[in-house]
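See below for the structure under consideration.
The values are calculated or read from the model by the stated rules, or taken from the named source; none is laboratory data. What you see is a predicted model; the values in this text were computed from it and never measured. Glycine also receives a Cβ, built like all others from the backbone with ideal geometry; neighbour counts cover every protein chain displayed. Only protein heavy atoms, including side chains, enter the accessible area calculation; ligands, DNA and RNA are left aside. Shrake-Rupley method; radii C 1.70, N 1.55, O 1.52, S 1.80 Å.
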Amino acid sequence: MTFKGCLFDLDGVIVDTASHHFVAWKTLAEELGVAFDEEDNEQLKGVSRVDSLEFILQKGNLVLDSNTKLRLMDKKNLHYLGLADQIQPADALPGIVDLIADLKAAGVRIGLGSSSKNAEQILSKLNLLAVFDAIVDGNHLTLSKPDPEVFLKGAHALGLAPEDCLVIEDAIAGVDAGIAGGFQVLGVGDANELKRAHAVVPGFGGLNWDEIQNLLLHK
Ligand code: BG6
Ligand code: MG
């Protein structure tokens, strides 16, 4: 058996925007008097903008009206976009462009499954928008990862069943979303954090599609 489709998360898998999201959330949290560290950030990776704000408010026992929440989310997003503005094609994480070329050559359909509402803008900066056969992002979703909606919609848009697609994720919430949707999940990052993934790699440098499939299909 081989995979017919591959669904990529964006932030932290294709490009290191995860660090920009972290800086922007940390700045906002600290302005609100809420401590925010790397461990908090791990919980927020893959989580939508609104749910991330709610996490910070809950941590600080803060209750705010909906207009204030919208204003804070806009503020965080402007900060984030300012940090992400310099992204260019060379910033695609090591091995990603080669892996996408491998997938294309093997006839594997590729989709994006991201919680971010900025996904298309970031893919454009990387010159990668056109390589995706389907894009599902935060603008198309009602439920945040770990709900499987994003990947189920992605597989549907590719015309494939979940069991025929591989999900690639760097976030705990994203790994859980893939598992809940019935996908095979490859984690990228720390194997101790991404325990529930079917396999975990530290990054894609030097790994081709056959090697990746072997890690999963021999599980
Ligand atoms: C996810 C990121 O991909 O998108 C989160 O991992 C981020 O850190 C979320 O908060 C929402 O992104 P955006 O760009 O819509 O604020
Ligand atoms: Mg991610």
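Data overview
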{"read-out": "When residues of segment 130-146 are limited to those that are touching a strand residue (DSSP E or B) at 6+ places or on another chain (Cβ under 8 Å) and open to solvent by less than 60 Å² (accessible area, probe 1.4 Å), the one nearest to ligand 1 (Cβ to nearest atom)", "value": "D137"}
{"read-out": "Single residue of L112, L152 found to be outside the structural domain of N77 (by TED's automatic domain parsing) and within 14 Å of ligand 2 (Cβ to nearest atom)", "value": "L112"}
{"read-out": "Tally of residues being of a type in the set (F, W, Y) and either in a helix (DSSP H, G or I) or surrounded by fewer than 21 Cβ atoms within 10 Å (Cβ to Cβ) (or both) across segment 180-203", "value": "0"}
{"read-out": "Filter result (in contact (Cβ under 8 Å) with a residue 40 or more places away in the chain and either among the charged types (D, E, K, R) or within 16 Å of ligand 2 (Cβ to nearest atom) (or both)) within segment 47-82", "value": "V47, S48, R49, D51, K75, K76, Y80"}
{"read-out": "Pair list, Cβ < 9 Å and 6+ apart or interchain, from segment 87-112 residues that are over 12 Å from L128 (Cβ atoms) to residues that are among the acidic types (D, E)", "value": "D102/D210; A106/D210; V108/D102; R109/D133; G111/D133"}
{"read-out": "Residue in segment 23-42 that is within 30 Å of A161 (Cβ to Cβ) and either open to solvent by less than 30 Å² (accessible area, probe 1.4 Å) or touching a Gly at 6+ places or on another chain (Cβ under 8 Å) (or both) present", "value": "no"}
{"read-out": "Failed item, numbered, when A173 is tested on (1) part of a loop (DSSP other than H, G, I, E, B); (2) within 12 Å of ligand 1 (Cβ to nearest atom); (3) touching a Lys or Arg at 6+ places or on another chain (Cβ under 7 Å)", "value": "(1)"}
{"read-out": "Of all residues making up segment 1-38, the number that are assigned to a helix (DSSP H, G or I) and either near ligand 1 (Cβ under 8 Å from one of its atoms) or under 28 Å from L126 (Cα atoms) (or both)", "value": "12"}
{"read-out": "Residue ID - surrounded by the fewest Cβ atoms within 10 Å (Cβ to Cβ), chosen from residues in segment 147-160 that are free of Cβ contacts under 8 Å to residues at least 60 places away in the same chain and not charged (D, E, K, R)", "value": "G159"}
{"read-out": "Test: L216 is more than 19 Å from L112 (Cβ to Cβ) and open to solvent by less than 10 Å² (accessible area, probe 1.4 Å)", "value": "yes"}
{"read-out": "Residue among A92, A106 that is within 16 Å of ligand 2 (Cβ to nearest atom) and under 27 Å from V167 (Cα atoms)", "value": "A92"}
{"read-out": "Tally of residues being of a type in the set (A, V, I, L, M, F, W, C), open to solvent by 20 Å² or more (accessible area, probe 1.4 Å) and modelled with pLDDT of 95 or more across segment 47-86", "value": "10"}
